[in-house]
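One structure is given here, and the rest of the page talks about it.
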Amino acid sequence: EADIYQTPRYLVIGTGKKITLECSQTMGHDKMYWYQQDPGMELHLIHYSYGVNSTEKGDLSSESTVSRIRTEHFPLTLESARPSHTSQYLCASSEPGFSYEQYFGPGTRLTVT
Amino acid sequence: AQTVTQSQPEMSVQEAETVTLSCTYDTSESDYYLFWYKQPPSRQMILVIRQEAYKQQNATENRFSVNFQKAAKSFSLKISDSQLGDAAMYFCPANNNDMRFGAGTRLTVKP
């Protein structure tokens, strides 16, 4: 399996809480991504990064923010969680260049009550 | 950016049989790669096979092969000798610097 990790794997929190989903990779990849995926449904790109100090918004409007201070680390933060944020969040990384595959983490399943 | 369409939300195949999953894409780019990814239930998404748009020869990886029709913008995945472990969601993103995933096809393998 790929060397990309996400914590926590499962999280249940109350509305209004601030949360950070962690994603780390040990492959030295410059590009990293966050996707949101409801079970069995398509992936929606919410954020991506080309490297340190680079962050971009994806296609899906999201109330989350990301940071990229270190190559290996790409955390996603929700300042105030809502039930509509209940979903699975997948982190991925890749080499630069479009010929390269993305390596995915195991995902964080978030439930906001 | 690219868009992909997987017209088969669900497919089913008998173990040891062959199944083909369809994918069409739309892009204005001249150079790009096409991928098939597999997402087993509760497990990580992994790459199954990739195809460079400039290569006419269809990619093959063991029991997995593609039928790439560039003019028709079609990129189907054929799974031969299906196994129970092939049961998963399958996605076919196209990539020219921006990877976009479609709705996926859920494959069920019947014993």
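The values are calculated or read from the model by the stated rules, or taken from the named source; none is laboratory data. Computed from a predicted structure; not experimentally measured. In this analysis, Cβ positions are derived from the backbone assuming ideal geometry, glycine residues included, and neighbour counts consider all displayed protein chains. Each accessible area value is taken on the protein alone, full model and side chains, heavy atoms only, with ligands, DNA and RNA left out. Shrake-Rupley method; radii C 1.70, N 1.55, O 1.52, S 1.80 Å.
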Percent accessible area from carbon and sulfur atoms, segment B:3-110, protein chains only, probe 1.4 Å: 42
Derived scalar couplings ³J(HN,Hα) [segment A:96-113; Karplus, 6.51 cos²θ - 1.76 cosθ + 1.60; whole Hz; x for Gly, Pro]: x, x, 7, 7, 9, 6, 8, 9, 9, x, x, x, 10, 9, 9, 10, 10, 9
Flagged links, alpha-carbon separation over 22 Å, of B:LYS70/B:LYS110; A:LYS57/B:LYS70; A:LYS31/B:LYS70; A:LYS18/A:LYS57: B:LYS70/B:LYS110; A:LYS57/B:LYS70; A:LYS31/B:LYS70
Solvent-accessible surface (1.4 angstrom probe) belonging to A:THR55, in square angstrom, nearest 10: 60
Cα centroid separation - segment A:20-99 against segment B:62-103, whole Å: 24
Accessible area of segment B:3-110 divided out per residue, in Å², using a probe of 1.4 angstrom: 48
Chain A: C-alpha pair distances exceeding 17 Å, %: 50
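Interface B/A, total buried accessible area with a 1.4 Å probe, nearest 100 Å²?
Numbers: alone 6340 and 6300 Å², together 10680 Å².
Approximately 2000 Å² gets buried when B meets A.
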Cα coordinate range in segment A:51-107, projected on the principal axes (Å, largest first): 37, 22, 20
Calculated on alpha-carbon atoms, Rg and Dmax of the protein assembly as shown in Å: 17.6, 53
Calculated on alpha-carbon atoms, Rg and Dmax of chain B in Å: 13.3, 42
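Provide the FRET efficiency to the nearest 0.05 for the B:LYS55-B:GLN83 pair, computing r from the beta carbons and using R0 = 22 Å. Write out the running numbers ahead of the final one.
Values: r = 27 Å, r/R0 = 1.24.
E between B:LYS55 and B:GLN83, to the nearest 0.05, is 0.20.
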Ranked packing of A:89-95, B:71-77, A:9-15, most packed first, by mean Cβ within 10 Å: A:89-95, B:71-77, A:9-15
Proximal aspartates and glutamates relative to A:LYS17, as straight alpha-carbon distance under 15 Å, when same-chain residues fewer than 8 apart are discounted: A:GLU63, A:GLU79
Segment A:51-59 - phi-based ³J(HN,Hα) in whole Hz, Karplus 6.51/-1.76/1.60, Gly and Pro as x: x, 4, 6, 10, 9, 9, 7, x, 6
Percent carbon-and-sulfur accessible area, chain A, ignoring ligands, DNA and RNA, probe 1.4 Å: 51
